[in-house]
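*Asks:* Shown below is the structure under consideration.
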Amino acid sequence: MKSLRQFMEELSMVTIVMIGGPGSGKSTYSKYISGHFDIPHIYTGDMMRDLQKRDPEVAKIMDRGDLVPIEKVMKALKDRLGKDDTDNGYILDGFPRNMKQLTRMKQENIDYKYVVYLNVSEKEVIKRLTARGRKDDKPEIIKNRLKVYEKETGPVVNEFRKSQRRFIEIKAEGKDEKSIAADIIGEIEKRG
């Protein structure tokens, strides 16, 4: 049984899962939230690139463009969440991406207090990503990435949506990023 102190600490923690499609601004808004609540922004993409440098097996997998096995992802994530800077909370960016990852997240008791879903129209995503000027940011490639996202992550969004009080949907377009970040922070604080 938890002590009152442990219970109070958990109540004050701000643990967030940040989800949204390509170009929705997950990392951008995570930085604002991280600064406001003084919690780390944990981006699984960075974790995997770091692991790639240290683990030859992971390097081979990623060099082929394949997905890193869930066991290795979970171990890296649990190790990262075990660090002292997560005592007041954290923002998970880029995880879970599919139902298998969500299931493992539940099995491993990786908890969250809020899910912030950044809703952005296809038209806006194409505008944002083509503006970056990368080789793979062509409209037809972006549309395909959005289809893959919808197939893989759409069910995760729907599952999270069921936990209504925890689910915060933000229209992440039509305003400047500071205003959108303020909207997100305001919603988190309102739900306490």
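*Asks:* List the number of the failed condition for Leu67; all other conditions in (1) assigned to a helix (DSSP H, G or I); (2) open to solvent by 90 Å² or more (accessible area, probe 1.4 Å) hold.
*Replies:* (1)
*Asks:* Restricting attention to the stretch 170-191, does a residue exist that is closer than 26 Å to Ile70 by Cβ, out of contact with any helix residue (DSSP H, G or I) (no Cβ under 8 Å at 6 or more places or on another chain) and surrounded by 13 or more Cβ atoms within 10 Å (Cβ to Cβ)? Steps first, answer last, please.
*Replies:* Step one: filter the stretch 170-191 for residues closer than 26 Å to Ile70 by Cβ, giving none.
No, that holds for no residue.
The values are calculated or read from the model by the stated rules, or taken from the named source; none is laboratory data. Here the structure is a predicted model, which is why all the values come from computation and not from measurement. Virtual Cβ from ideal backbone geometry, glycine too; neighbours counted across all protein chains shown. Ligands, DNA and RNA are stripped out before the accessible areas are found, and what is left, the full protein with its side chains, is counted by its heavy atoms. Shrake-Rupley method; radii C 1.70, N 1.55, O 1.52, S 1.80 Å.
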